[in-house]
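All remarks here apply to the structure that follows.
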Amino acid sequence: MDVLAREAQEALRQRSQRLRARARASSEEREAEAAGLTDSERQELDAIEEALARIDGGEFGRCARCGGAIGRHRLRAVPEARLCMTCSAVER
């Protein structure tokens, strides 16, 4: 899981940097950093920051709802995932 966590951490940081750069470019005309982000981009940035915190806290790969493992394939596809497939389906 360490290799996967490192890969996810790097991918998440890159996405976060791109979103923040976009927000900064837009905010040159506005005051707030997030002013240039859409609601979905803001949610994505929040999810990325939460995932990075889980990696730092050693919780990466654990479902926030049931505590079970989040599958490797799911984490590769959606590194900010906080729920396993089963819990994700229940929450919808």
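Taking amide H positions as modeled 1.01 Å from N, with prolines and chain starts lacking one, the residues under 5 Å from residue 62 and 5 or more places away or on another chain are 70. Here the relative contact order of the chain, from alpha carbon pairs under 8 Å that lie six or more residues apart, stands at 27 percent. For the chain, the dipole from Cβ point charges (+1 on Lys and Arg, -1 on Asp and Glu) about the Cα centre works out to 420 debye, to the nearest 20.
With Cβ to Cβ distances under 14 Å as the rule, what net charge do the other residues near residue 83 carry (K, R +1; D, E -1)? Before the final figure, lay out the partial values.
Values: positive: 54, 62, 65, 74, 82, 92; negative: 50, 59, 80, 91.
Net charge in that neighbourhood comes out at +2.
Once Cα Rg over 2.2 N^0.38 Å is calculated for the structure shown, the corresponding label among (i) 2.74; (ii) 1.19; (iii) 2.07 turns out to be (ii). Taking label positions 7 Å along the Cα-Cβ direction at both residue 4 and residue 17, the computed distance is 2.5 nm, reported to one decimal. Among residues other than residue 59 with Cβ under 12 Å from its Cβ, the summed charge is +1 (Lys and Arg +1, Asp and Glu -1).
When the helices in the chain are scored as -39500 (n - 2.57) per DSSP H run of 4 or longer and the sum is shared across all residues, what 222 nm value do you end up with, to the nearest 500 deg cm²/dmol?
On the way: 4 runs with 57 residues, N = 92.
Value at 222 nm, helices only, nearest 500: -20000 deg cm²/dmol.
Here, each number is a calculation from the coordinates, and none is a lab measurement. A quick note: this is a predicted structure, and the numbers were derived from the prediction, not measured. Heads up, the Cβs are rebuilt from the backbone with ideal geometry, glycines too, and the neighbour counts pull from every protein chain shown.
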